[in-house]
Amino acid sequence: MINSFIFNIFGGTGDLAKKKLLPALYNLYKKDMLPENFKVISIGRRNYTKNQYVNFLMEDTKFSSRDKQLDDFLEKITYYEMNFDDSSKYKDLDVLNKKLGEEIKGDNRVFYFATPPSYFEVISNNLSMYYKNNQKNHQRVLIEKPFGSDLKSAEYFNEQLEKAFDKNDIYRIDHYLGKEMIQNILTMRFTNQLFRNNWSKDSIDNIKIAISENIGVEERINYYDSVGALRDMVQNHLLQILSFLTLERPFEITTESLKKEKLNILKNLKTFTPDSIRSDVVFGQYDGYPVKSETETYVALKTEILTDKWKGVPIYLMTGKHMSEKKAEVLITFKKDTSKDCFFNNDNVENNLLAFKIQPTEGVYLRINSKVPGNNDVSTVSLDYCQTCNTNYSSPEAYEKLLFDCLNRDKTLFASWEEIKYSWTFIDSITKSCESRRKALLKYPRGVEDIKESTKLIGGGKWFLD
Ligand SMILES: NC(=O)c1ccc[n+]([C@@H]2O[C@H](COP(=O)([O-])OP(=O)(O)OC[C@H]3O[C@@H](n4cnc5c(N)ncnc54)[C@H](OP(=O)(O)O)[C@@H]3O)[C@@H](O)[C@H]2O)c1
């Protein structure tokens, strides 16, 4: 385990820092998963004293009960006031890091870019001047989404980043990968013989990955309106989940081999043509969207993976705001056993279903066919495991896992540049096509379960189990 570090958060007064990053660090601290020697520098432009900053953090319920342990944690935080555009402040920040480094007898520095993306470049350019003076392998740079807004801008930003920092020190965050049930996809696939030989087009009929939210864009409107659901959710979270679901089992499971296999999936995703945009993409916008614009708050699409193993298996992705519930789920439908056998009454045989329930509850669901007691009829029964229903258990927050892994230089759950590159190639095939601009943006009422056209796209039925 890392023996000391200084955690710099650019955007220390932001929503992410307050609600996710600092609570995640605190949880790791409480669980004894951090070394004793660490410091946090929260960087913001507000004119806060340390006390004012602590009061600001305490507004959040995750920090609501003050005790000795929390006081000790808060003691480790320094608030540093600066405007990201002010180059002179980076030198003082470096001095502060050195001073704290002497206190903790170490020089591992982590820099988290929890800022609007428009500042990513200016921060990395300024930081690079001090970064180069430091020892290799002692720094880490964590970048939040969005990583660009299309392939071109992502390439440009990546070039800047890789000019400024060593490739090995760059960690591109996709917080969905820190979620328990996403990690469980690989565990389930690779530890159950039951699935191993049934994980291909021979046995799987279709795959659905859906993430719905029951709120709208709220105060993120300025950012969201220039992005939309496809770039905000599909380019990163949904495609990352898809690659975990479908990657080939490497001969030996290592970070590098998994990344290679993930990349192979993203490279082989079927991109869109004007025809397939017309038939296989649905865009929607909820009623009462705060500004007049063509930005989609809902997208559903159908694609496939053009490898021998997966070709022909429809893959459906959906995400939307202001829908009936906040939910994220992966639903795998296996092919139906259509063999006729007089011994069983096969009329009621159904497809096997396997679901990974990601949120709000976490669990795994499996539907199988079974004998009806007392006769030879068949009906479905389900094995439904709910991990979060056990009141003694609460899953670690996604950011806990990711921060811990980054501190310990484990990149398995971080997106590589190549993965991001192919994800944008896929998204650009939709957004750069004139057909997308011609396509109707369907208005939907708030609180809907689904949009009619999208239900049609998946051939009827539902995106979620229930
Ligand atoms: N919030 C989430 O749960 C979440 C989830 C996934 C990804 N992200 C990504 O994480 C990043 C941060 O999100 P957020 O929700 O925390 O945004 P946010 O609430 O708007 O916070 C942005 C932070 O940057 C600071 N800032 C902005 N301009 C500055 C400047 N010129 N100089 C100094 N400080 C400046 C803000 O200071 P003020 O407080 O003074 O404005 C604030 O601390 C974004 O890229 C977002 O896409 C966020």
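Things to note:
- Residue list for the stretch 115-138, filter: away from the ligand (no atom under 16 Å from the Cβ) and at pLDDT 90 or above: none
Here is a yes/no grid of residues against (1) crowded, with 19+ Cβ neighbours inside 10 Å; (2) assigned by TED's automatic domain parsing to the domain that holds Val330; (3) not charged (D, E, K, R):
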residue: Gln240; (1), (2), (3): yes, yes, yes
residue: Pro250; (1), (2), (3): no, yes, yes
residue: Asp280; (1), (2), (3): yes, yes, no
residue: Pro290; (1), (2), (3): no, yes, yes
residue: Trp310; (1), (2), (3): yes, yes, yes
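- Filter result for Asn8 (within 16 Å of the ligand (Cβ to nearest atom) and among the polar types (S, T, N, Q)): yes
- Of all residues making up the stretch 426-460, the number that are among the hydroxyl-bearing types (Ser, Thr, Tyr) and loosely packed, with under 15 Cβ neighbours inside 10 Å: 0
- Qualifying residue in the stretch 20-38 (condition: in the same structural domain as Asn126 (by TED's automatic domain parsing), within 16 Å of the ligand (Cβ to nearest atom) and surrounded by fewer than 17 Cβ atoms within 10 Å (Cβ to Cβ)): no
- So Ser379, is it surrounded by 12 or more Cβ atoms within 10 Å (Cβ to Cβ), at pLDDT below 95 and part of a strand (DSSP E or B): yes
- Those residues of the stretch 292-308 which are among the aliphatic types (A, V, I, L, M) and either free of Cβ contacts under 8 Å to residues at least 40 places away in the same chain or surrounded by fewer than 22 Cβ atoms within 10 Å (Cβ to Cβ) (or both), in sequence order: Leu306
- Per-region count, the stretch 345-383, residues more than 20 Å from Asn198 (Cβ to Cβ) and more than 27 Å from the chain's Cα centre (by Cα): 11
- For the stretch 155-174, the set of residues classified as without any contact (Cβ under 8 Å) to a residue 12 or more places away in the chain and crowded, with 20+ Cβ neighbours inside 10 Å is empty.
- Only residues that are within 16 Å of the ligand (Cβ to nearest atom) and surrounded by 15 or more Cβ atoms within 10 Å (Cβ to Cβ) were counted across the stretch 212-227, and they come to 7.
- When residues in the stretch 190-211 are screened for being in contact with a Phe, Trp or Tyr (Cβ under 8 Å, 6 or more places away or on another chain) and surrounded by 18 or more Cβ atoms within 10 Å (Cβ to Cβ), 6 of them pass.
- Screening the stretch 151-218 for helices (runs of 4 or more DSSP H) wholly inside it with 2 or more residues that are assigned by TED's automatic domain parsing to the domain that holds Trp424 and within 24 Å of Lys462 (Cα to Cα) returns the ranges 180-191.
- Within the stretch 67-114, considering residues that are of a type in the set (Lys, Arg) and under 20 Å from Glu36 (Cα atoms), the one farthest from the ligand (Cβ to nearest atom): Lys105
- The one condition in (1) at pLDDT below 95; (2) out of contact with any helix residue (DSSP H, G or I) (no Cβ under 9 Å at 6 or more places or on another chain) that Glu256 fails to fulfil: (1)
- The C-beta contact set for the stretch 5-33 (first residue closer than 27 Å to Arg220 by Cβ, second residue surrounded by fewer than 18 Cβ atoms within 10 Å (Cβ to Cβ) and of a type in the set (Ser, Thr, Tyr), distance under 9 angstrom, 6+ apart or interchain) comprises Phe10/Tyr119; Gly11/Tyr119.
- Residues in the stretch 321-350 that are modelled with pLDDT under 95 and touching a strand residue (DSSP E or B) at 6+ places or on another chain (Cβ under 7 Å): Phe344, Asn345, Asn346, Asn348, Val349, Glu350.
- When the stretch 336-355 is filtered for residues that are outside any loop (DSSP other than H, G, I, E, B) and loosely packed, with under 14 Cβ neighbours inside 10 Å, the ones remaining, listed by number, are Asp347, Asn348.
The values are calculated or read from the model by the stated rules, or taken from the named source; none is laboratory data. Bear in mind that the values here come from a model prediction, so they are computed numbers and not experimental data. In this analysis, Cβ positions are derived from the backbone assuming ideal geometry, glycine residues included, and neighbour counts consider all displayed protein chains.
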